[in-house]
Each structure stands twice: as C-alpha cells, then as structure tokens.
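Heads up: the structure comes next, in structure tokens.
Every read-out reported here was derived from the displayed coordinates using simple, explicitly stated rules and does not represent laboratory data. Keep in mind the model is a prediction, meaning the values are calculated, not measured. Positions of Cβ are backbone-derived with ideal geometry, glycine not excepted, and every protein chain shown enters the neighbour counts.
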Amino acid sequence: PQVVVHEASSSWRSTLSDDVYLTLSRHYGPMEMERQELIFSFFVSEKAFAQFARQVVRTVLLPLRACDSRMWLPGLPQDITRLFDWLEDVVNLHTAIVHAVSAVTAIWQTGSIVQRLAGTLKGFIPRLEVYMPYLAKYDSVRDAIRWHAEQDHGEFGEYLRLKERDREEGHWSLDRLLQEPAERLRSYIDVFQVRCSSEARSCCSEIASETIRVDSARTPRPPRHPVAFVFYENRRARDGRGQGARRRI
C-alpha cells in the first residue's frame with residue numbers, strides 16, 4: 001500500500017549509496033527493502049502532516065485565544081472552540097509521533113535498517129483516543145464553520161475570510177486541516193494492514209470501521225483503539241496453517 005504523502009520526497013533507496021543498498025539487500029532480502037520503503041513513506045507523510053497542520057494552528061487558531069492563555073476570546077461559538085481544542089490535541093499527537101519515529105529512523109544515517117518500529121508506535125495507541133470527540137462532532141461543526149466563513153457578517157466570519165484571503169500559496173486552509181485528521185486515520189488501515197490473510201483482513205477492517213463510525217447523536221462509548229489493527233496477530237499465518245503472512249513492523 002502507498003502512504004499518502006503531502007510533499008514531494010525521495011525514496012528511502014535514494015538516500016543510500018549503491019554499495020550500501022546492495023549490501024543491505026543481499027543481507028536482508030527484497031521484502032525487508034520494501035518494508036524500509038514503507039517506513040520511510042510513513043515517516044515522511046507524518047512529518048508533512050504535522051508541519052502543515054501546525055502552521056494552520058499557529059496562524060488561524062492561536063490568534064483566537066486570549067494572550068498567553070488557552071482561553072478562547074469571548075463571543076466565539078462554544079461548539080467550534082471545543083472542536084478546535086480537540087483538533088489541536090490531534091495535531092500535538094502527530095507531532096509527538098514524528099519526534100518518536102525520527103529517533104528510531106535516525107539509524108538510517110549509519111547505513112543500517114530500522115529493526116523495530118511497532119514498539120514505538122504501540123505506545124501511542126492509547127493516545128489515539130483524542131480522535132474520538134473530534135470524530136463525533138466533526139461533520140456538524142465543520143458545516144457550522146463553513147457557514148460562518150461564507151455567510152456570517154460578524155467578527156468571526158470576517159476573521160475566517162481574512163485568514164483565507166491572506167493564506168500563502170501551498171499552505172493548508174482551515175477547512176483542509178479539519179478534514180485531514182479523519183482521512184489520515186483511515187489511511188492507517190492500508191499503511192499497517194500488510195499482507196494479511198483474508199481472515200485477518202476481515203477482522204482488521206471490522207475493528208477499524210467500528211472505531212471510525214461514531215454516532216454523533218450520543219456520547220461516544222469507550223472505544224476500541226483506532227489502530228489496534230496495527231498489532232493484530234494473524235495466528236494462522238504465524239503457525240503455518242494460513243495462507244497470509246504479516247510483515248514485521
């Protein structure tokens with residue numbers, strides 16, 4: 001599967017000399033080389049997401065807070081400011097993921113491969129629960145923000161239109177930032193669900209679908225972790241009875 005990359009980037013292979021790549025390929029084999037490419041694409045994608053998202057938070061959301069405070073300016077719709085809080089939590093989570101994965105992938109600079117990544121990512125699974133309130137209210141609040149940006153003649157509507165007019169080319173709009181986290185979470189299904197048997201794939205998809213489908217009309221129940229499928233073990237493949245095999249991440 002391909003990771004959605006938000007910026008132009010080279011491949012992992014292109015960062016190595018021919019001699020180093022040939023040595024690694026002979027020692028570890030083609031599947032491991034493909035795995036390194038997948039990790040590289042994931043890292044580049046996470047880094048780009050965090051970079052673009054933080055820029056929107058800095059230029060659009062933070063000016064709406066009181067000076068040196070996390071309190072929002074008076075008069076802002078409460079449902080919108082709550083979504084902004086949750087959105088900022090999501091962005092901070094992905095920024096932390098980038099820092100953690102960066103430390104793991106630093107070994108590439110020595111001409112070696114990343115041996116283990118799952119242990120690093122596993123620590124972030126409980127923190128993915130910050131997505132739950134955001135996903136529950138995303139659709140309705142996004143429509144409200146669009147209304148303010150298009151039809152509200154008050155200060156908030158004028159502010160949103162001003163920020164859109166002043167947005168630099170290549171930077172994300174607020175609306176783009178609002179939709180990206182949900183799309184990114186869905187993309188994890190393809191990123192981590194690698195070479196599963198049909199049995200494992202069915203289970204993984206069921207877990208992911210149940211997590212993403214949130215009833216906005218009621219308070220979300222305690223979730224199964226959004227990327228629990230990352231660490232799903234296909235026991236049939238592991239003990240040789242199944243047809244599929246899960247690649248070590």
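Quick notes on this structure:
- Rounded to the nearest 20 debye, dipole of segment 54-205 from Cβ charges on Lys, Arg, Asp, Glu: 640 debye
- Here segment 1-153 yields Rg over Rh of 1.10, to two decimals, using C-alpha coordinates and the Kirkwood radius.
- Once you reduce segment 12-46 and segment 111-161 to the center of their Cα atoms, the two points are 31 Å from each other.
- Relative packing of 40-52, 20-32, which averages over residues the other C-beta atoms within 10 Å, highest first: 40-52, 20-32
- With distances taken between every two different alpha-carbon atoms, segment 20-80 has a Kirkwood hydrodynamic radius of 15.3 Å.
- Reach of K47 by Cα under 25 Å, taken over lysines that are not fewer than 8 positions away in the same chain: K122, K163
- Couplings for segment 156-161, taken from phi via the Karplus curve 6.51 cos²θ - 1.76 cosθ + 1.60 with θ = phi - 60°, read 5, x, 5, 4, 4, 5 Hz in order; Gly and Pro are left as x.
- In this simple spin-label model, placing a label point 7 Å from the Cα along the Cα-to-Cβ direction at both Y28 and S11 gives a separation of 1.5 nm.
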